[in-house]
Structures are given as structure tokens and as C-alpha cells.
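Here the structure is laid out as C-alpha cells; the discussion comes afterwards.
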Ligand SMILES: Cc1cc2nc3c(=O)[nH]c(=O)nc-3n(C[C@H](O)[C@H](O)[C@H](O)COP(=O)(O)OP(=O)(O)OC[C@H]3O[C@@H](n4cnc5c(N)ncnc54)[C@H](O)[C@@H]3O)c2cc1C
Ligand code: FES
Ligand code: FES
């Protein structure tokens, strides 16, 4: 099959072809330095402040129109927007003389002081308006607050900004998918996604490669031929370390043109999440299935991050404080690894061999995660403690599943803790000890008391070892208290 040598994208209504090393540039830098769209600001360059927010559509919805979602352009390399359309704050404005209702609302509510954060807030709000308009839903204060979690205002003008969001009249807003509907571009997008990109070039004597395969076969063949090819999901972990200069990724492969890997599906036994399915898509999908996980995803990062980040990226990044791993581990989920030799399934509890040391060969890629569905008689609880509720990384995490027999004795117990060791850990010794025990406060107090025999957390910037131990002990008491009182999650 013929390969493409350029990244093709549309920004507002302008089509661009990007060649060579420029494709490694972040979208934010490209907007400001290459195409003079300086409305987009870059402040933290870590995905934390939202100043660089733009809208990105890489998928076409069931109605044949683009699905625009907010993302952070500072950590998004250009090679991840091949065949996608970007709308910047300049593209949100209706015309040179007419503001978009979101912009007008910010003016009316006096939502800008120094104004530096304003373009990011405008794009985040436009993303919110796009979603709720298309879903025919109202904007509430709660929804607005949630949508603006990823935007910081250093002048602390939050009250008027929130008012600007709540005051929006969706009936007066034309959706971006209609405003920017361009059948010729949609047709080209489909064509773009059917032809692999394979850009190879040298930069300062370093061999560089961007590979965007269109089938799993192409992907595993490429990984077998070059073990250095680095997989990139949404780049929300990688993009931050690259920006900090702590990582160079000269050879990259991203799988987002492989349609089958974007799919989330379920049957009676399992939920399957493809490698490129985003956390926002996962969060929407599990509504009604796994309320506990939905609760955790609600406080996971910001909409901008979740619109780009993948579940698989969180799993492979393997952080001891990753928020999805405790649930996946406690539920006996499996990672599906594929190579030219076929597919291998690995239990989550056997996937982490040490800090950032995975049970994954250099010729393997993760194609999906398989999650067993919770049975009616099983009780699940997931807890996260962080310094701040929203947009903060965990200090300690907990996952517990318990099943009781008719006599209120423990029939099944699965427990995980994160933030207390080099990886998220399954507490198998504690689980074994609990089988047959009474489901009583005493049993859980005993576990909490003896916990120091099983874990030895460390102190770091986020929390001291004593604090982590206390939180972990309290999680067990909270777990018993909630389940025994039938607290609904
Ligand atoms: C501001 C901010 C807030 C955050 N908040 C949270 C939070 O609250 N909780 C939390 O847990 N995390 C958080 N994160 C971390 C990050 O967003 C998640 O870990 C995310 O799920 C990573 O997914 P990704 O697709 O962006 O991964 P990437 O950055 O693309 O990749 C991560 C790792 O996975 C590997 N990889 C990706 N896909 C594959 C594949 N198919 N096969 C093999 N390897 C693969 C990559 O090589 C890399 O090692 C935050 C990050 C930022 C920037
Ligand atoms: S510049 Fe702060 S999130 Fe991008
Ligand atoms: S208005 Fe100054 S940073 Fe928000």
C-alpha cells in the first residue's frame, strides 16, 4: 500500500500539509509560530491551565458531521491531528464584526480581567455548548463548573466566567459541526484515514519516523521491525515529558487511524475498550454500568485531557497513582497484547513487574483492555484522595470488591491500593485472610491495624508515608461502613 509523507489537517477552514520535523511540533506552537493564530496562548505547556485550549474533531458522528471536543494544544503533537479539523478561538468568532454568543456572554458578564486565560475559556465553553446543543440538554451550573475544570484564571475571575457559561442560550447558538460542515473535507478525511502515513527523515543526524498505520497488521509488523518505535495514544503523559525536555521520541507510531481500535463494546461477561478509545468516550459508555468508575472519571483530570487521553495510555504509563488501574486490577481485567506472533492476554495484576517495568515485549502493542462485568452480588468501591478534588493527581487510591454469603461471611474479597508502592498493588494476602471471616467492623479494624505488615508507603511531595498509611487504613474502614450501610455509589 502507498504511504503518505505529509500530515494533512484543517485549521478553522484552512487546509494544511505538514512535512518532516514540523510534524513533531505541538499544535499550540504551530498555531502561534507558523500560522499566526496567536489567540491561542501557551502558559504551563503541561496540560494543566487550559490557556491553549482549542476544539478538535477527529471523528465523524452518526449524523455525518464532525464531533468537536476541547483539547490542550500545548501537549498535542501535529502528527496526532492527521485527517482532523481544529477550530481555534479565531475560528469561533462569527465574523470580523460579530462575536460568537460565548464570546459575547464573556463580554456581557465581564469575564475577562487581564484576558490571558480568556481564549482558553472561550474554547472550553464553546466545546460545552457544542456537546449540550447536540445532545439537546440544558447547561446547568454543575455542568458548567465541570466543563471549566481544566481552565485556570490567574486573576481569579471565576464568578463572572461561570455566569457567562450559565447564561448561554443554546437555542441562539449555531453548532460548529453545522457552521463548519464541508462535505468535500469530510470525504477527504475518510480518504486520509485509509492511507498510512510513514514519514522518515533525519534531523541533526537522528533518524526520525512517524508511522500512522491503518491496520493492526501494519502496526505489529512495524513494531517487529523496529522495537524503538514508541506508541503514542493521546500524548497527555508523553507530551508533558517531551515539553519538559525529559524525553525524546524520535520514532513514533500512533494507532488512531485504525477504526477497530477506537471501539468500546460489551457482552454479558465483559466490556472491551480499544487502544485508542478516549477516557471521555469510556466515561460516557460506562454510564449505568459502573457508577463507581464513572465517579472516579468525573474527578480525573479535565475534559480537555480526557478528550485526548486513552484508557490504554493510563494502563501502559503504569503510574502507581494512575486512577483507572486500581479498578482494572481489582476486577481482574486483562490487557490484550498483540505482536506478529498473535494475541496474548495478561491479567492486570501480572502486568506490572516493577516501577514502569511492564510484562510487555518490545515487539508487542496493547490493542485493548477486557474488563469483566460486575456481578449483582458483588459490591465495588473506588476511592481517591488528592490534595485538591479536581484536576489533581492522587496521593492514595483504593479499590475493593466484596461478595458475601447468606450468613454475612466474606465469600470473595479483592483489594488494591495505589500510591503506597512502586506500582498499584493487589493485596492478595489480605484477601486470603478475609475469606470466611465475618463481614464486620471488627474484621476491617483488624485489617487496618495490621496493614503496616503488608505495605510500606514512601514520602514525597504529595504526601508523607504516615499520611498515606493512615489514609489507606481509613479506606478499609470506609469500605466496610459504606457497604454495611448500603450506601449507594
Ligand atoms: C493535566 C493532566 C492531568 C492528569 N490527570 C490525571 C488523573 O487525574 N489521573 C490519572 O490517572 N492520570 C492523569 N493524567 C495522566 C494522563 O492523562 C493519563 O495517564 C492518560 O490516560 C494517558 O493516556 P494517553 O493516551 O494520553 O497516553 P500517552 O501519553 O500517549 O502514552 C502513555 C504511555 O502509554 C504508551 N502507550 C500508549 N498507547 C499504547 C499502546 N496501544 N500500546 C502500547 N503502549 C502504548 C506510551 O508509549 C506511553 O508510554 C493527567 C495528565 C495531565 C497532563
Ligand atoms: S498551556 Fe497550559 S494547558 Fe496548555
Ligand atoms: S482574566 Fe487574567 S488570567 Fe484570567
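Structure data summary
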| quantity | calculated |
| --- | --- |
| Distribution of pairwise C-alpha distances over segment 1-95, 5 Å bins, in % | 3, 14, 24, 26, 18, 10, 4, 1, 0 |
| Relative contact order of the chain, pairs being alpha-carbon contacts under 8 Å that are 6 or more residues apart, as % | 11 |
| Sorted by Cβ neighbour density within 10 Å, fewest at the top, the residues 429, 390, 48, 267 | 267, 429, 390, 48 |
| Along principal axes, Cα extents of the chain, largest first, whole Å | 71, 56, 42 |
| Fraction of alpha-carbon pairs over 19 Å apart in segment 191-260 - percent | 37 |
| Relative contact order of segment 6-185, defined on C-alpha pairs under 8 angstrom at six or more residues apart (%) | 24 |
| Residue order, fewest to most surrounding Cβ atoms within 10 angstrom, among 49, 114, 74, 123 | 114, 49, 74, 123 |
| Three-way shape label, segment 6-185, alpha-carbon gyration tensor, a/c 1.5 | oblate |
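Bear in mind that the values in this text are calculations on the coordinates, not laboratory data. Just so it is clear, the model here is predicted, and its values are computed rather than measured. Methodologically, a virtual Cβ is constructed for each residue, glycine included, from the backbone with ideal geometry; neighbour enumeration extends over all protein chains shown.
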